[in-house]
Amino acid sequence: MSNKLKIKLSVANRVYPLTISPSQEEGLRMAAQQINNLIKKFEQNYSVQDKQDALAMCALQIASSKKQESLDEKNILNDMEVKISELIKSFDQTD
């Protein structure tokens, strides 16, 4: 028998049964909680009544946040590459 776990996640007042590996459980539960918290925030702050609209806004916010993190990481890596290249050049000039 495979090492699978059956769980139920509630997102936007709907229950989703999932079969997952135990290592996925914490991440999925945290993601569902994040989505539910964002839905609540959108409903309170922007008078969003339709769950589908709230879910679309959640998806946009989470995806844009993830994309921004990726862009920030790329910029940091590019900056590090430039600094390393400058250091290598300075070492080469001292020889």
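Listed by chain and number, the aspartates and glutamates whose alpha-carbon sits under 20 Å from that of Lys4, ignoring those within fewer than 8 places in the same chain, are Glu25, Glu26.
Rounded to the nearest 500, what is the chain's calculated 222 nm mean residue ellipticity when only DSSP H runs of at least 4 contribute -39500 (n - 2.57) each, over all residues? The helix-only estimate for the chain comes to -25500 deg cm²/dmol at 222 nm.
Here's the picture: charge each Lys and Arg Cβ at +1 and each Asp and Glu Cβ at -1 in the stretch 5-94, and of Val11, Asn45, Thr94 the one pushed furthest to the positive end of that dipole is Val11.
The long axis of helix 51-94 is offset from the longest Cα principal axis of the chain by roughly 10 degrees.
Reducing the stretch 14-53 and the stretch 62-95 to their Cα centroids gives an inter-centroid distance of 35 Å. Evaluated over the stretch 5-94, the count of Lys pairs having alpha-carbon atoms less than 16 Å apart is 4 (only pairs 8 or more residues apart or interchain).
Relative to the first principal axis of the alpha-carbon coordinates of the chain, what is the inclination of helix 25-46, with its axis defined by its Cα atoms, in degrees from 0 to 90 and to the nearest 10? In the chain, helix 25-46 runs at an angle near 80 degrees to the longest axis. Computed over Cα pairs, the Kirkwood radius of the chain leads via Stokes-Einstein (1.002 mPa s, 20 °C) to a diffusion coefficient of 126 µm² per second.
We did not get these values from a lab; they are worked out from the coordinates using the rules stated. Because the structure is a prediction, the values reported are computed rather than measured. Cβ: placed from backbone, ideal geometry, glycine included. Neighbour counts: every protein chain shown.
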